[in-house]
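See structure below.
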Amino acid sequence: MAESGKQKSRERRGARSLRRGALLVAPPIMQDVNFRRSVVLLCEHSDSGSFGLILNQHVEVETIEALEDIVDFRHAIHVGGPVQMDTLHFLHGLGEELAGSVEVCNGVYWGGDFEELQKIVKTKPVSAANIRFYLGYSGWTEGQLEEEVEAGGWIVDSAEESVVFRHDTDSLWRDTMIALGGEFALLANFPDEPRLN
């Protein structure tokens, strides 16, 4: 790759590309247990801080157990991040049908009127293919995420609906690294515990 191409690639995956709808991919050397091999969807990014949800961690509890008012929706709850684990957040593909939703990227919306969501879930078919619930979230204070990205703490890419609502989240990190190509694809096979090899 020419030097100008390398520079463009670095910029595309650097702090300048942080925005709503960006994916944060943990490099294989990430030691923080909360984010090890995680893929985070950035739902909000501004001068005052950032908010995201981890796409590939889940807890062993069915949504119905935590949300008794929502019926006929028996899918796993995901871990959105280590901040305020007693809060519930959701991503969906309902669009403007759900008042108060914020479009994160094409076909993916964050939040909205929860009472209205309850009505929708009870009256029409929804599944993990178009709605996901998350306990807690990932948050960064002003300038913190930019610093982490510049220090190599995150690889930045753009999100797509197929990634957010993907059925198999267990291999999401590896497949995302491979899709990034080049050196990232090679790192996808980096052992989780290198000292054991």
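Structure data summary
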{"item": "Helices (runs of 4 or more DSSP H) contained in the stretch 140-188 and holding at least 3 residues farther than 19 Å from residue 82 by Cβ", "result": "161-164, 172-180, 182-187"}
{"item": "Criterion: surrounded by fewer than 19 Cβ atoms within 10 Å (Cβ to Cβ) and at pLDDT 95 or above - qualifying residue of 123, 141", "result": "141"}
{"item": "Residue match in the stretch 153-164 (condition: at pLDDT 90 or above and among the hydroxyl-bearing types (Ser, Thr, Tyr))", "result": "yes"}
{"item": "Output for the stretch 83-110, where each listed residue is part of a loop (DSSP other than H, G, I, E, B) and touching a residue at least 40 places away in the same chain (Cβ under 8 Å)", "result": "93, 106, 107"}
{"item": "Scan of the stretch 171-189 for residues that are at pLDDT below 90 and surrounded by fewer than 16 Cβ atoms within 10 Å (Cβ to Cβ), ordered by number", "result": "181, 182, 183, 185, 186, 189"}
{"item": "Tally of residues being surrounded by 14 or more Cβ atoms within 10 Å (Cβ to Cβ) and at pLDDT 90 or above across the stretch 89-102", "result": "8"}
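The values are calculated or read from the model by the stated rules, or taken from the named source; none is laboratory data. Fair warning: this is a prediction, and the values are worked out from it, not measured in the lab. Every residue, glycine as well, gets a Cβ built from its backbone with ideal geometry; the counts of neighbours run over all protein chains shown.
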